[in-house]
Amino acid sequence: MNNEVLKQALYTACEHYAQDRLNTCLAAIQAAQESANSETKSSAGDKYETGRAMAQNERDRNLVQLQQGRQLQGELQRIDPSKPCDTVRPGALVKTSMGWFFISISAGKLTVEGTDYFAVSAAAPVAAALSGKRAGEEAVFNGKSVRVEQII
């Protein structure tokens, strides 16, 4: 797989991760809303109010997660995977002495054609340590020297 196709595959995997996260949040928000709507007023008024409050809290928590999912999508939209990189920055695919990192969003381990890549945010500690480095340069991360071997 050529480098441009590989970066596009990783980018697409990150898009799917962000969309799945949004879909999960939307489903949880709907379920919490339905739960709140289905609470029936009973002679135990406190139970009714407690149930509605708990459903509202769950809905609010999921709204926060939904906003975070939208932020992930926004971060991805600022990346052009077809653009080559010569330094470690958002959109770069970096081979280091610790493994491969795709500087994009925090999507964790992604496997493409049997190779593991780690999608990390530019704000992640490892990405921050490597930021601005070129192939052949070293950075210190967690007290260890990390060599940048290749940047795509």
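Some observations on this one:
- Residue check: residue 89 meets all listed conditions (1) open to solvent by 70 Å² or more (accessible area, probe 1.4 Å); (2) touching a strand residue (DSSP E or B) at 6+ places or on another chain (Cβ under 8 Å); (3) over 20 Å from residue 3 (Cα atoms) but one, namely (3).
- Scanning segment 79-116 for residues that are assigned to a loop (DSSP other than H, G, I, E, B) and small (Gly, Ala, Ser) turns up 82, 91, 92, 97, 106, 107, 114.
- Residues satisfying the stated conditions in segment 117-143, i.e. loosely packed, with under 13 Cβ neighbours inside 10 Å and touching a residue at least 40 places away in the same chain (Cβ under 8 Å): 132, 134
- Options 73, 56, 65: the member that is touching a Lys or Arg at 6+ places or on another chain (Cβ under 8 Å) and either on the phi > 0 side of the Ramachandran plot or part of a helix (DSSP H, G or I) (or both): 65
- Residues of segment 92-106 classified as open to solvent by less than 60 Å² (accessible area, probe 1.4 Å) and either touching a residue at least 60 places away in the same chain (Cβ under 8 Å) or charged (D, E, K, R) (or both), total: 5
The values are calculated or read from the model by the stated rules, or taken from the named source; none is laboratory data. Bear in mind the structure is a predicted one, so any value in this text is a computation, not a measurement. Note that we place each Cβ from the backbone using ideal geometry, even for glycine, and neighbour counts take in every protein chain shown. With ligands, DNA and RNA removed, areas are computed over all heavy atoms of the protein, side chains included. Shrake-Rupley method; radii C 1.70, N 1.55, O 1.52, S 1.80 Å.
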